[in-house]
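The values are calculated or read from the model by the stated rules, or taken from the named source; none is laboratory data. All figures in this text were calculated on a predicted structure; none of them were measured in a lab. Here the Cβ positions follow ideal geometry from the backbone for every residue, glycine too, while neighbour counts run over all protein chains shown.
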Amino acid sequence: MSKIYLKAMEEVVHRNSDNTNRILEQAQGYVVSENATDTLLHTSFDLTTAQGVVKHLHASFLRLAQSGVRDIDPEDQLCFLRVRTRKYEFLTAPEEYFTVTVML
């Protein structure tokens with residue numbers, strides 16, 4: 001992981017430290033991907049699961065949600081996406097350089 005991403009990730013974690021600690025206590029795992037290429041940067045899952053999360057949540061569903069927000073108000077942007085299924089809950093936070101998804 002490059003220094004730009006590490007510095008940006010440290011800033012986000014520090015800025016949201018209370019929420020980060022609370023979420024990490026309940027999390028089953030996480031995935032971090034680069035926004036420009038949807039490349040997997042870091043994960044706590046096996047490679048197949050992590051690539052599935054990046055492919056389906058980050059590359060498809062997240063982009064669709066961001067587009068929907070921009071269609072409603074071009075000056076607004078998606079800050080956080082929460083998707084809940086019968087088995088899991090996914091919390092996705094798109095940042096400038098990377099996207100973090102935590103599975104609860």
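Out of segment 38-50, which residues are part of a loop (DSSP other than H, G, I, E, B) and more than 15 Å from ALA93 (Cα to Cα)?
Step one: list which residues in segment 38-50 are part of a loop (DSSP other than H, G, I, E, B), which gives 38-39, 44-46.
Listed by number, the residues that qualify are THR39, SER44, PHE45, ASP46.
The residues of segment 51-104 that are assigned to a helix (DSSP H, G or I) and of a type in the set (Ser, Thr, Tyr), listed by number, are SER60, SER67.
Can you name the residue in segment 51-104 that is without any contact (Cβ under 8 Å) to a residue 12 or more places away in the chain and of a type in the set (S, T, N, Q) and, of all such residues, is surrounded by the fewest Cβ atoms within 10 Å (Cβ to Cβ)? First the steps, then the outcome.
Keep residues of segment 51-104 that are without any contact (Cβ under 8 Å) to a residue 12 or more places away in the chain, which gives 51-52, 56, 60, 63-64, 67-77, 82, 84-87.
Filter once more, keeping what is of a type in the set (S, T, N, Q): 51, 60, 67, 77, 85.
Details: GLN51: 16, SER60: 12, SER67: 11, GLN77: 10, THR85: 7.
Only one residue fits best here, namely THR85.
Tell me, yes or no, whether segment 4-24 has at least one residue that is modelled with pLDDT under 85, of a type in the set (Ser, Thr, Tyr) and in contact with a strand residue (DSSP E or B) (Cβ under 7 Å, 6 or more places away or on another chain). For segment 4-24, residues modelled with pLDDT under 85, of a type in the set (Ser, Thr, Tyr) and in contact with a strand residue (DSSP E or B) (Cβ under 7 Å, 6 or more places away or on another chain): present.
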